Structure formats: structure tokens, C-alpha cells
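Input: a single structure, listed below in C-alpha cells.
Values quoted throughout were computed directly from the atomic coordinates according to the rules given, and no laboratory measurement underlies them. All of these numbers come straight from a predicted model, not from anything done at the bench. Here the Cβ positions follow ideal geometry from the backbone for every residue, glycine too, while neighbour counts run over all protein chains shown.
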Amino acid sequence: MKITLIRHAEVEEAYHQRYNGHIDIGLSPVGIAQAQKLSRYFRTKEYDAVLCSDLKRCRQTLEAFILNVKPVYTSMLREKSWGRHEGKSFDEIIKSEDFEYKDFEQWINALDGEEYNEYIQRIKGFFTGFLTANPYDDVLVMTHAGVIRVLMHILLDISLEEAFSQSFGYANCIILDTDTWKFEELQCV
């Protein structure tokens, strides 16, 4: 199976460099333009299935696409929930909490919301369980950078810190081949 993974387009500026998680925010004007550009790149592509995070930023990115199948919106493709830390920047969290940054794994486990191991298992279950159990050859997945990075962590057997140090900007695209479990970067925007 070939899975085309797309990170949603740019969000509203007030939410840049923040732990947005499950906050249901929309696209910025730049993001709307990115979504249009993505739709032109993918206009001739046909998919067996289109799966999309149910959060607004992903839905709005996908709205620009002309698709041959009806998309399925799911919370399984959501970013990690950061609980009370959602919408805050790193500096705001440091100022308001009684813990500090020691290392990557300590930091993500100190933050509120969905347990990181549960988040990893949700992503793993979706891609290596649910998705591969279906008879698809070619799938489009609209999701979040964190989901894609966790998938890289799982499939490339790299640390979470290494996966999250990978640059994966707004409206970036990557293809995953489930026969080899290898990634191929696309230049779609």
C-alpha cells in the first residue's frame, strides 16, 4: 500500500509555535493559499480511501481538494492532546509550571493531556493495524506533524527526540510504502 501523508496547511498566526493539540483552530490566509496549491498538485490523483483528522485545520486543508472518494474524518489522526498546556508556548509553560526542561522525553511526559505512550499506541494501531487491515492500494492521509513524526519514530526505529527534530513544515507531503515501510519526501508545495 502507498500512503500519502500530508501535514495540514499553516494555522492562524496566534497559534504558531504553540502546543495546539486538540484545539480546533483554522488556517491562516497563507494556509488557505497552501491548501489551494496542494489541491492543484493532487488534482489528478485518485485514491482508494481518504482519511483525515477531524480537527478544523486538517478539514479546511482537505476542503480545497477535488476527490474521487468521500473522506473519512477521524479523531484517531489527531495530534496529541496537551490538556491544560494546549495553546501555550514553551516559554509560557516554563513560566507557569513548577517543572523545567531537562530532556525531550522528560518534557513531553511532564506536560498534561494524553499520555505519550497512549498517543504512540494510537498512531501505531491506526497505521499498522486498522489501515493495513483494509484492502487499499493507495491512500491519502491528512493529519498533523506530530502524527507523522511519531510514525517515523515507530517505523524508522529512531528516538522521539530525533523524530521531532525532523523538519516537517506546514503543507509538507511524504509517501509511505507499507511493503518496505520506507518514506519518500514529495515536493508538493
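Structural remarks
- Helix 145-156 axis versus longest C-alpha principal axis of the chain: approximately 80°, rounded to the nearest ten.
- Take the Cα of Y101, step 7 Å toward its Cβ, do the same at E162, and the gap between the two points is 2.1 nm.
- Protection-proxy order for peptides 6-18, 52-64, 167-179, each taking the mean of Cβ atoms within 10 Å per residue, highest first: 52-64, 6-18, 167-179
- Rounded Å value of the spacing that divides the Cα centres of the range 45-113 and the range 137-170: 12 Å
- Sequence-separation-based contact order of the chain, relative, with Cα cut under 8 Å and 6+ spacing, percent: 34 percent
- Pairs from K45/K182; K2/K70; K2/K88; K37/K80; K45/K80; K56/K124 whose Cα-Cα separation, in the structure shown, is over 25 Å: K2/K88; K37/K80; K45/K80
- Applying a 4.7 Å Cβ-Cβ cutoff to the chain, the cysteines left without a disulfide-compatible partner are C52, C58.
- Ordering of 99-105, 29-35, 77-83, 42-48 by packing [mean C-beta count within 10 Å, highest first]: 77-83, 29-35, 42-48, 99-105
- Eigenvalues of the alpha-carbon gyration tensor of the chain, scaled by 5 and square-rooted, set the equivalent ellipsoid semi-axes at 27, 20, 14 angstrom, largest first.
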